[in-house]
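For reference, the structure is listed below as structure tokens.
The values are calculated or read from the model by the stated rules, or taken from the named source; none is laboratory data. If you're wondering where the values come from, they're calculated on a predicted model, not measured in any experiment. Quick reminder, even Gly has a Cβ in these numbers, built from the backbone with ideal geometry, and neighbours come from all protein chains shown. Just so you know, the surface numbers come from the protein's heavy atoms only, side chains and all, with ligands and any DNA or RNA stripped out. Shrake-Rupley method; radii C 1.70, N 1.55, O 1.52, S 1.80 Å.
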Amino acid sequence: MLSIRNLRARVGETEILKGISLEVNPGEVHAVMGPNGSGKSTLARILSGREGYEITADKLEYMGHDLLEMTPEERAREGLFMAFQYPVEIPGISNIQFLRTAYNSVRKHRGEEPLDSVDFLAMVKSRLKEVDIDQSFLRRSVNTDFSGGEKKRNEMLQMLVLEPRLAILDETDSGLDIDALATVAGSINSLRSEDRSIVMVTHYQRLLDYVVPDHVHILADGRIVKSGKADLAQKLEKKGYGWLAEHAGEEAEA
Amino acid sequence: MGTGTDSVNQLIEGGYKHGFVTEIDADSLPPGLNEDVIRAISAKKQEPEFMLNWRLRAYRHWIKLQEKEPTWAHVKYPRINYQDMVYYSAPKSDKEGPKSLEEVDPELLRTYEKLGIPLHEQKALAGVAVDAVFDSVSVATTFKDKLAEAGVIFCSFSEAVQNHPELVEKYLGSVVPYTDNFFATLNAAVFSDGSFCYIPEGVRCPMELSTYFRINALNTGQFERTLIIAEKGSYVSYLEGCTAPMRDENQLHAAVVELVAHEDAEIKYSTVQNWYPGDKDGKGGIYNFVTKRGLCKGDRSHISWTQVETGSAITWKYPSVILRGDDSTGEFYSVALTNNLQQADTGTKMIHLGKNTRSTIISKGISAGRAQNSYRGLVRVSPKADNARNFTQCDSLLLSDQCGAHTYPYIENKNPSGRIEHEATTTRIGEDQLFYCRQRGIDPEDAVSMIVNGFCDDVFRKLPMEFAVEAQALLEVSLEGAVG
């Protein structure tokens, strides 16, 4: 699904990623954890196609395609979805219109006919319950004057509608109260399947109580300093990121 | 995509789709302006004496204004030589006047078809009467019978002068006097044609009235004049839309529109303007120096201007409302998009004279390339206008880092009970917004037009449905360009 070998990224003179290697297979859920400034959000942004980084990698492939050869919209149409840490406001464009434009862009890419507004609305309505938002939400402008929780739920709604192959969640759990966290986790879990992969970028362990990952990677200073199973996250929660510094370099293999 | 600015610039460097020239022999006067030219125009149109006299008074006034061409607007252009221009040109086939569409020069009809203006059947089904102005003379008017049944007069200005001289004499210049300003005065002297509309008392006009303007003959100044009168308790919605062929030389357009709303009458005037804006380097393009004003003459009358301005090299335009009747309402909703080297100085004037008068101004300016976009608006509350209310909102959207957005609000409140609110915002189209759309699979080009459409949503909602669709399409055309 996703294959990264020796990924380096810099902005100007500052190297942010210093050789990341990561293998994500279909059906797997990976958690990428790390302290602030470790480079985890940069990793998510680079995978989604955000510009502004000088990137080198021995290998950076998604579904067998070289990611660096694909524009952000091509990645999206091929099923790579990123849930934004800070979803962007687009005043004057309704959620439903935005979502349908996105959905039909993907369909067009697959050579399918666009879905008309009636059929599309019916499909979206069926997803609304899963993210615990009511229908009036669809008429509101994209993320405009939304609360933090509403913005994150909206990201989840988009994810469920677009049904990505690879979902990258950039700190989707940040700023959520416990109810919203449970809802968001429910959406992620409902997306889990044998042919889909999920990469969760998070600072805290608490999301992982709800969405149990297959693999956990800990990022520090632009490198994966430790990888393990779900229990690694718990260990980290107990001991804090300081504990890692002591072990840095010991188990730096991915 | 390199930097954000470059990519957005690429997106908006769209070509002008309506650039072609129709070859029709023009029956034109030689270039230049003097009393003989005015007399010739009036004679060609077989006008009654009051018209000729009015034109001559305007011309003599204009001579005195020679050094007073307005310079206060935030626009730059080379000095216009008014003696180089042609002040009258009519399509040749007009000599005897077409009696029906069959008699209209087929070349002309094809031009309209290329522009996507459905002149006959499609429009007929849509219920829109079209009074098409080609250069200076109306060539086709449809639906007259249906309108006549309702008592509505909708015809070319020339016809109105012939058939309803008493109405023309009564209202011509009653809202925009010939002394009003340099360009309005010039228009009064030389105007060739335009539209006339009269809605009798208590009549709700059964269809949207629509006029399409088009500038064609080389070096032809076009001077339209529109007069709309809504009698007591009547209603009319009027649509005006324009496109122009590609030209290298600047063309002057100085139109005048006058609206009169009597007691309880309502006039909705909507414009979609897409004249040739000039090329990427600012060469060519229309100078659009227009005076539009409505008079809310009667109590509880209502005038609403909605405009979508995407064309012209220079736009100088302030559709205004004089709120004379008590409890009358004026509205101005505007989208002005400037790209490349386009310049727009546009806004409105709301003059509150009557008691309890209300006005609303919503202005959306979009600048791209190296364009300059200014909102200029006056809200004046006179001493007798008790309880006047105004709300103004001016939003500017910048699509590049080389363009400019300017806001010049003028507020004069001479009555302590007046309440005036003004809100203004300026935002830059975000690389974040663009990326968010692209990450959802949306084309960058579609994303820009979607974001811009969203920005204009408040105004588009005010347009009649059909026009709203056209306006959105127009923004897309104006913003479209090569994406790598």
Practice item. Provide B:ASP345, A:ASP195 ordered by accessible surface of protein heavy atoms (probe 1.4 Å), highest first. Key: A:ASP195, B:ASP345
Check your understanding: How large is ³J(HN,Hα) for each residue in region A:11-26, as worked out from phi by the Karplus curve 6.51 cos²θ - 1.76 cosθ + 1.60 (θ = phi - 60°), to whole Hz, x for Gly and Pro?
Key -> 10, x, 8, 8, 8, 9, 10, 10, x, 9, 10, 7, 10, 10, 9, x
Point to revise | √(5λ) per eigenvalue of the Cα gyration tensor, region A:1-112, largest first, Å | key: 26, 18, 14
Review point. In nm, to one decimal, how far is the A:LYS59 label point from the A:TYR86 one, both placed 7 Å along Cα→Cβ?
Key: 3.5
Study note, to complete from the structure: Looking at region A:22-51, residues buried by 30 Å² or more relative to their chain on its own, accessible surface at probe 1.4 Å, turn out to be A:ARG50, A:GLU51
**Study point:** Over region B:400-469: Rg over Rh, Cα atoms, Kirkwood Rh
**Key:** 1.13
Review point. Which value, in square angstrom to the nearest 100, describes the accessible area buried between chains A and B on both sides, using a 1.4 angstrom probe?
Key: 2100
Review point. Round to a whole number: what % of the accessible area of chain A belongs to carbon and sulfur, probe 1.4 Å?
Key: 45
Practice item. Quick one: accessible surface of A:LEU68, probe radius 1.4 Å, all protein chains present, in square angstrom to the nearest 10. Key: 80
Exercise for review: Mind listing the long-range amide H neighbours of B:SER270? Cut-off is under 5 Å, sequence gap 5 or more, other chains count too, H placed in the peptide plane at 1.01 Å from N.
Suggested key: B:TYR238, B:LEU239, B:GLU240, B:THR306
Exercise for review: Net charge near A:GLN135: determine it from the other residues with C-beta under 15 Å of the C-beta of A:GLN135, scoring Lys and Arg +1 and Asp and Glu -1.
Suggested key: +3
Exercise for review: May I ask you to rank B:TYR276, B:TYR410 by accessible area, largest first, using a 1.4 Å probe over the protein chains only?
Suggested key: B:TYR410, B:TYR276
Point to revise | P(r), alpha carbons of region B:363-444 - 10 Å bins starting at zero, rounded % | key: 17, 32, 25, 16, 8, 2
Check your understanding: Counting DSSP beta bridges with both partners in region A:120-254, what percentage is antiparallel, nearest 5?
Key -> 50
Review point. What is the ratio of the Cα radius of gyration of chain A to 2.2 N^0.38 Å, where N is its residue count, to two decimals?
Key: 1.01
Check your understanding: How far apart, in nm, are the 7 Å Cα→Cβ label points at B:ARG57 and A:GLU74?
Key -> 7.0
Review point. If you add up the charges near A:TYR86, with Lys and Arg at +1 and Asp and Glu at -1, over every other residue whose beta carbon is less than 11 angstrom from its beta carbon, what do you get?
Key: -3
**Study point:** Whole-Å distance, taken between Cα centres, linking region B:328-347 and region A:114-134
**Key:** 38
Check your understanding: Once label points are set 7 Å from the Cα along Cα→Cβ at both A:LYS129 and A:ILE178, what is their separation, rounded to one decimal in nm?
Key -> 2.6
Check your understanding: Quick one: putting +1 on the C-beta of Lys and Arg, -1 on the C-beta of Asp and Glu, what dipole do you get for chain A around its Cα centre, in Debye to the nearest 20?
Key -> 240
Study note, to complete from the structure: Full extension between A:SER190 and A:ASN6 adds, at 0.36 nm per residue less the Cα distance, a length in nm of 63.0 nm
Revision key, fill the gap. Result for region A:88-127: accessible area per residue, probe 1.4 angstrom, in square angstrom, of 52
Review point. Quick one: Cα centre-to-centre distance for region A:16-31 and region B:350-395, in angstrom?
Key: 56
